[in-house]
Amino acid sequence: MRIRLLAIVLGITGLAAAARADDSEAQGGTDVTYRHKGQFGIYSQLGIGFRFIARYDQNDFCGQAGKSVCTGSTPPWIELGLSYGATNALEIITDFRIGLSTDFKPDSSTADAPRQTVLAPGVKIYLDDEGSLKWFTTFQVAIDFTDYSASNVAKKVDVGERSVIGLLIDLHRTFGIYVHGGVTFGFIRWFRFEMDGGIGLQARFP
């Protein structure tokens, strides 16, 4: 009886060990397909960009004195975000951007230079959710709260559209890194076209 019981216990233990060995997703690696439906995520991404601004009001300052159309680089920024996997191919996301350095203001202004503050809710779509290398795109509403009052800009909030193309490398079901490039169009404060790029990290649970 004891021998039979011992054989059963050893058999169950062996099956459990084999199941764990076959669970390649739990072990991690870059050649595994990871499913993210139902997972919550937190992420952080760094970036910098180049922008084109065409002002509506001639009294506004857009970064270059005496010009109605201004071009130049943006301050570097960090974005913190939350995500939820509605399906394996679709995530609901919200980004919050904070400028790592201040933005432009006229040399004659004594006010503090503004720092980028942008909230961008939207969705992320994985164009191919197979494998651990996944291309994705986003569609977001960019709500820009940056205070440009030092530049004589009356509108407190700008609203626009943001889209990103990126490549995610899933290192595990709970962790990945990605590179991204995006474009943003702003319409309310002035017409703004911005291109940016950067790198990010994402963690998911459970």
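Does at least one position in region 56-64 carry a residue that is part of a strand (DSSP E or B), touching a residue at least 24 places away in the same chain (Cβ under 8 Å) and not aliphatic (A, V, I, L, M)? Among the residues of region 56-64, not one is part of a strand (DSSP E or B), touching a residue at least 24 places away in the same chain (Cβ under 8 Å) and not aliphatic (A, V, I, L, M), which makes the answer no. In the set 158, 196, only one residue is buried (at least 19 other Cβ atoms within 10 Å of the Cβ), closer than 15 Å to residue 51 by Cβ and under 18 Å from the mean Cα position of the chain (by Cα); that residue is 196. Residues in region 101-117 that are under 17 Å from residue 73 (Cα atoms) and free of Cβ contacts under 8 Å to residues at least 40 places away in the same chain: 101, 102, 113, 114, 117.
Answer with yes or no whether residue 117 is among the hydroxyl-bearing types (Ser, Thr, Tyr) and surrounded by 14 or more Cβ atoms within 10 Å (Cβ to Cβ). Yes. Residues in region 67-93 that are in contact with an Asp or Glu (Cβ under 6 Å, 6 or more places away or on another chain) and either farther than 20 Å from residue 48 by Cα or not in a loop (DSSP other than H, G, I, E, B) (or both): 79, 81, 83, 85, 88, 89. All conditions but one from (1) within 25 Å of residue 163 (Cα to Cα); (2) at pLDDT 95 or above apply to residue 61; the one that does not is (1).
The values are calculated or read from the model by the stated rules, or taken from the named source; none is laboratory data. Remember, predicted model here, so these are calculated numbers, not experimental data. Cβ sites come from the backbone with ideal geometry, for glycine too, and all protein chains shown count toward neighbours.
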